[in-house]
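One structure is given here, and the rest of the page talks about it.
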Amino acid sequence: MLDTSSNRPALPPEIARRRTFAIISHPDAGKTTLTEKFLLYGGAIQMAGQVRAKGEARRTRSDFMKMEQDRGISVSASAMSFDFKTFRFNLVDTPGHSDFSEDTYRTLTAVDAAVMVIDGAKGVESQTQKLFEVCRLRDLPILTFCNKMDRESRDTFEIIDEIQENLAIDVTPASWPIGMGRDFLGCYDMLNDRLELMDRADRNKVAESINIQGLDDPLLDQHIPAALLEKLREEVEMARELLPALDPQAVLEGHMTPIWFGSAINSFGVKELMDGIGTYGPEPQPQSAEPRQIGPDEDKVAGFVFKVQANMDPKHRDRVAFIRLASGHFKRGMKLTHVRSKKPMAISNPVLFLAADRELAEEAWAGDIIGIPNHGQLRIGDTLTEGEALRVTGIPSFAPELLQGVRAGDPMKAKHLEKALMQFAEEGAAKVFKPNIGSGFIVGVVGALQFEVLASRIELEYGLPVRFEASQFTSARWVAGEKADVEKFVNVNKQHIAYDHDGDVVYLTRMQWDIDRVVRDHPELKLTATKEMM
Ligand code: G4P
């Protein structure tokens, strides 16, 4: 293995061993299966097959059952921690539904790297491409896993070319597949000169690995049929000539991605990928904040909320705020300052998400994700510190581009609907506006499919069939300014005014012309398409 130590700042060992990442992929590429195998190798589950929570619907259901058992808080598989060799992995789940939502962006602000899973037969698919672009905005290091090599897949060079061209990133093979489909034998480990052979008989068994001395080692002949071996030698030689060699620094800077080939379902190639995440993946990185950046090595604890999950239990208004620790050594019971309200908060029952179970977190370090149950004080974008007035930046909020009215199928259930909508607004899954005049709500989203996702979640989680319908408005702008000015404006524009879930004033219209007019006529007010997440 290459020595990558010189690329690292000196961090306390507990922090240096942490790798916090997300998996990005197109649906069906194998994210769930790979997650399962990570946990299997991480010793977090005994047998693969225990965390099949595929699809938002199934996941929500299983959570709901679990929740009933322990007055639970719906944690689904939002964040999972497990140990692998000397490393502590924190895997943060990107939302499962296929629509591209703000949630996904925000999740990616909480990780230091991403594992990109692609299907060997399909290459770079649309969702992968979009998620990759988000990672690129932050120069996140990306490690690639090309899955399903046990099926007929594309030519290895073709896959690599496609990634290089579509994603404009250098690709370096960390392993090279031997055969494909039914003839897939395993991989040649390009980094360690090893032969990894797949055992098709036992999907949960660690693959056999054979140390060899280069591609001329006679041991190879014992394990690989002559025709395949010849092809392997040719291809590896070509790859070494044509493709860039692994440059750990370029990987950390997000300019190069190493690619491993394997088959998640056969547990093949997964361990090598995990080794790769440990060796080439970044340690906890500095966090951008105002007025200054937060370093992971700082003694004092700081963290920020990147996700809020509301409890579905109607009897409790609890929710869990997911905090990414940006610095320090957190201990249970600590008093932290909630910077937005300037109030102290005693964090007495934080939870760590150790694979399937959640446990009280006695301690956590920079890089870790902890869950803090609370009654709604903690919102997406909030910063917690040991007193310093720092505000983490870069948590995006998006202008809702599509507005629709929503109604409960049963008019008697309007209150229930309000509650459901408020929950989703707090989770950041949609913007919800209550018009000043009339009843009902207007929901704003970024992608059309989000309406469908919302409708099915409201039905599933609240037993409430709802209808989305065209709204008379097409744009929303938050109105800020001196209190008296805003009130005056509200009074003369009653038909255009609504309130968001925080009670802040929003101007709704269907004409850009209206917005331009307000901007021109009211220099004392500020109209914004997004609201700062704070
Ligand atoms: P996702 O979370 O990215 O959506 O994918 P998931 O892991 O659920 O995998 C999608 C399908 O691909 C599953 O099949 C899964 O078994 C299969 N799969 C995953 N890894 C491999 C692999 O290495 N080789 C092959 N041949 N198949 C793989 P399914 O039929 O949709 O689900 P199931 O019936 O297996 O649960």
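Please list, in chain and number order, the residues 5+ apart from R18 or on another chain whose amide H is under 5 Å from its amide H, with Hs placed from the backbone.
R88
What do you get for the angle between helix 414-427 and the principal long axis of the chain? Use alpha-carbon atoms, 0 to 90 degrees, nearest ten.
The answer is roughly 50 degrees.
What's the exposure ranking of E482, E14, going from fewest to most Cβ atoms within 10 Å? Intermediate results must be reported in sequence, preceding the final value.
Details: E482 10, E14 15.
The order, fewest Cβ neighbours first, is E482, E14.
Place a +1 charge on the Cβ of each Lys and Arg in the chain and a -1 charge on the Cβ of each Asp and Glu, then give the dipole magnitude about the Cα centre in debye, rounded to the nearest 20. Can you show the working numbers first?
Working: 65 positive and 80 negative charges, 538 e Å.
So the magnitude is around 2580 debye.
What size of dipole, in debye to the nearest 20, comes out for segment 248-350 about its Cα centre when the only charges are +1 on Lys and Arg C-beta atoms and -1 on Asp and Glu C-beta atoms? Write out the running numbers ahead of the final one.
On the way: 14 positive and 10 negative charges, 182 e Å.
For segment 248-350, the charge dipole is close to 880 debye.
For M511, M334, M256, M80, what's the fewest-to-most ordering of other Cβ within 10 Å of each Cβ? Don't skip to the end; give the middle numbers.
Working: M511 11, M334 17, M256 21, M80 24.
Listing M511, M334, M256, M80 from fewest to most nearby Cβ atoms yields M511, M334, M256, M80.
Please label the shape of segment 296-392 as rounded, prolate or oblate, based on the square roots a ≥ b ≥ c of the eigenvalues of the alpha-carbon gyration tensor (a/c under 1.5 means rounded; beyond that, a/b larger than b/c means prolate, else oblate). Write down the numbers at each step before the final one.
Numbers: a/c = 1.82, a/b = 1.25, b/c = 1.45.
Oblate, since a/c reaches 1.5 and b/c is not below a/b.
Would you order T86, T104, T128 from fewest to most other beta-carbon atoms within 10 Å of each residue's own beta-carbon?
On the way: T86 9, T104 18, T128 24.
Neighbour counts put them in this order, fewest first: T86, T104, T128.
Once amide H atoms are placed 1.01 Å from N in the peptide plane, what residues at a sequence separation of 5 or more from F268, or on another chain, have their amide H within under 5 Å of its amide H?
Amide H to amide H, under 5 Å and 5 or more residues apart or across chains, F268 pairs with S263.
For q values of 0.05, 0.09, 0.12 Å⁻¹, compute log₁₀ I(q)/I(0) with the Debye formula on a Cα-only model of the chain, without solvent.
Scattering profile of the chain, log10 relative to I(0): -0.23, -0.70, -1.14.
Positive end of the dipole of the chain, charges at C-beta (+1 Lys, Arg; -1 Asp, Glu), about the Cα centre: which of M412, S263, I178 has its Cα farthest in that direction?
Most positive-ward Cα: M412.
Rounded if a/c is under 1.5, else prolate if a/b is larger than b/c, else oblate: which is segment 378-534, with a ≥ b ≥ c the root eigenvalues of its Cα gyration tensor? Write down the numbers at each step before the final one.
Working: a/c = 1.87, a/b = 1.16, b/c = 1.61.
Oblate.
What 222 nm value per residue comes from the helices of the chain, counting each DSSP H run with n ≥ 4 as -39,500 (n - 2.57) and dividing by all residues, nearest 500 deg cm²/dmol?
-8000 deg cm²/dmol
Quick note: the coordinates plus some simple rules give every number you see, no bench work behind them. Owing to the predicted nature of the structure, the values given are computational and were not obtained by experimental measurement. Heads up, the Cβs are rebuilt from the backbone with ideal geometry, glycines too, and the neighbour counts pull from every protein chain shown.
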